[in-house]
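Novice: Please read through the structure below; I'll follow up with questions.
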Amino acid sequence: MRTEIEQTADGSHTLFVPELDEHYHSVNGAIQESTHIFINTGVNHCPKKDIRIFEVGFGTGLNAYLTALEAEKQQKKIHYTTIEAYPLPSELTEKLNYARQIDKSTQGLFDKLHTAEWEKDIQILPYFILHKIEADFKSFRLNELHDIDLVYFDAFAPDKQPDMWSQEIFDLLYQIMNRGGILVTYCAKGVIRRMMQQAGFTVERLPGPPGKREMLRATKE
Ligand SMILES: C[S@@+](CC[C@H](N)C(=O)[O-])C[C@H]1O[C@@H](n2cnc3c(N)ncnc32)[C@H](O)[C@@H]1O
């Protein structure tokens, strides 16, 4: 997929995909959005000191980067598995300004997330292990994963990629998660909330990041 770098309202970059007429993040602020949904409402809501995360869509690596920083800050051990069907070229990821926006001294960390070998556990930092999978999420055998505490559901919107948001997928995610595990997403659509409930999750509608009224957090009680 061809992508173009754009600047969002908080100064951080996102990517625009002309083919889908879709952005990777909220144009109201990419860093703000990721921090709100995945860090504050996700990681920081997880009481465990040792967390297994599964992300749908590695993309720019922004969520992985913010999570690695949080793992070190809170000294929480995080094992981060992420799946991506269309890895971005290094000429593009090198231009992304996330480390410049947050803390220049962490540019090396951001680069390491992108250069890390795929299909392997890679110790990126003392508290952060990354495992990138290059595959199509729709045909990936999710039951190869297990004991997931936290799912970052960060696919393109359901109206752009409806196959990524099916009942079957939420049923499978429910099965590979631990009790007490949570799934967070920027999407707040009723039809998606009902799929999560049908899968067995208890779903909360929570305030969204700037520019978005609501987001969803699903818990496997
Ligand atoms: C909304 S973007 C978010 C990406 C990432 N979390 C970030 O912060 O940059 C959705 C991501 O899902 C990826 N994707 C699209 N279709 C996919 C598929 N079938 N399997 C796996 N990943 C896919 C896209 O390439 C893109 O990186």
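Novice: Using the crude model of +1 on Lys and Arg Cβ and -1 on Asp and Glu Cβ, and no other charge, please compute the dipole size for the chain relative to its Cα centre, in debye to 20.
Specialist: 780
Novice: While we're here: Scale the Cα Rg of the stretch 29-219 by the rule-of-thumb value 2.2 N^0.38 Å and send over the ratio, two decimals.
Specialist: 0.96
Novice: Using DSSP, restrict attention to beta bridges with both residues in the chain and report what percent are antiparallel, rounded to the nearest 5.
Specialist: 45
Novice: With n ≥ 4 as the cut-off for DSSP H runs, can you work out [θ] at 222 nm for the chain, using -39500 (n - 2.57) per run divided by the number of residues, rounded to the nearest 500?
Specialist: -7000 deg cm²/dmol
Novice: At what distance in angstrom do the alpha carbon centres of the stretch 77-91 and the stretch 141-161 lie from each other?
Specialist: Between the Cα centres of the stretch 77-91 and the stretch 141-161 lies a distance of 13 Å.
Novice: Which whole-number percentage describes the relative contact order of the chain, with Cα contacts under 8 Å and a sequence gap of 6 or more?
Specialist: Here the relative contact order equals 19 percent.
Novice: Among the lysines, select those whose C-alpha is under 20 Å from the C-alpha of residue 212, and discard any that sit fewer than 8 residues away in the same chain.
Specialist: 160, 189
A short reminder: the numbers here are calculations on the coordinates, not readings from a lab. Nothing here was measured: the structure is a model prediction, and the numbers come from that model. Positions of Cβ are generated from backbone atoms using ideal geometry, with glycine treated the same way; all protein chains shown enter the neighbour counts.
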